[in-house]
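So the structure is just underneath, and the comments pick up after that.
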Amino acid sequence: MNMKFRDRTKISYTFLRVVTKLTKIDRKTRYYGTDQPLYEAEIHMIKSIKENEGIHVTGLADMLGVTKGAVSQIIMKLERKGMIIKDTDPHNLSRLILRLTPKGKTAHLHHEKLHQEFDDLFNAALKNATEENKTFLKNFLNSMEENIDFFEKGDHP
């Protein structure tokens with residue numbers, strides 16, 4: 001077997017292992033500084049609400065590309081967990097807007113801290129990389145993301 005082929009195979013398998021580990025970490029249920037466990041979809045809903053204060057269910061569904069029913073189910077869970085509240089929209093009394101409670105804000109803050117820790121981990125791994133290597137890695141990852149999008153759609157050879 002050609003050495004170059006084996007090296008590429010090793011790199012692709014290493015990449016898949018890293019992606020699998022990251023996925024496992026991301027999907028892990030965490031408390032995020034609160035007394036309630038939060039699933040991946042719930043903490044990302046909290047993030048979306050925080051970043052779009054006063055958004056409503058339809059707006060969230062449109063933004064996230066999911067159904068209103070899916071958003072409503074997660075919203076109900078987050079409401080029961082004390083993470084969000086629904087308020088009447090002062091501009092449209094027939095619509096409810098979503099806001100984070102103090103507990104929801106705590107979860108969001110801890111989630112952001114987790115992302116910062118990941119950024120720090122990544123930056124530590126790149127500490128000794130040259131700018132040329134960082135540029136290569138950035139371009140490689142962007143290319144992989146684009147190729148995976150095509151692969152997912154079935155637009156691959």
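As a calculated quantity, the FRET efficiency between residue 72 and residue 24 at R0 = 35 Å, using C-beta atoms, amounts to about 0.80.
Evaluate the Kirkwood expression for the hydrodynamic radius of the chain, namely the inverse of the mean inverse distance over all pairs of different C-alpha atoms, and round to one decimal in Å.
Numbers: mean 1/r = 0.0536 Å⁻¹.
Here the Kirkwood hydrodynamic radius works out to 18.7 Å.
If you fit an axis through the alpha-carbon atoms of helix 3-27 and take the longest principal axis of the Cα set of the chain, what angle between them do you get, 0 to 90°, nearest 10? The helix 3-27 is inclined about 20 degrees to the chain. In the chain, helical runs assigned H by DSSP with n ≥ 4 each contribute -39500 (n - 2.57); averaged across all residues and rounded to the nearest 500, the mean residue ellipticity at 222 nm is -22500 deg cm²/dmol. The modelled label-to-label distance between residue 138 and residue 126, using points 7 Å beyond Cα along the C-beta direction, is 0.7 nm.
Protection proxy ranking of 72-84, 47-59, 131-143, by the mean of other Cβ atoms within 10 Å over each peptide's residues and highest first, is 72-84, 47-59, 131-143. Extending 7 Å from the Cα toward the beta-carbon at both residue 101 and residue 13 defines two label points whose distance is 4.9 nm.
The spread of Cα positions in the range 23-116, taken along each principal axis and listed from longest to shortest, comes to 39, 26, 23 Å.
If I take R0 = 41 Å and measure r between the Cβ atoms of residue 148 and residue 93 in this structure, what FRET efficiency does the formula 1/(1 + (r/R0)^6) give, to the nearest 0.05?
On the way: r = 45 Å, r/R0 = 1.09.
Calculated value: 0.40.
Angle of helix 102-125 to the longest C-alpha principal axis of the chain, folded into 0 to 90 degrees and rounded to 10: 10°. Spin-label model, residue 85 to residue 58: label points 7 Å out along the Cα-to-beta-carbon direction sit 2.5 nm apart.
Any read-out appearing in this document is the output of simple, stated calculations on the displayed coordinates, not a laboratory observation. Please read all numbers here as calculations on a predicted model, not as lab measurements. For neighbour counting, all protein chains shown are included, and Cβ atoms are generated from backbone atoms with ideal geometry for every residue, glycine included.
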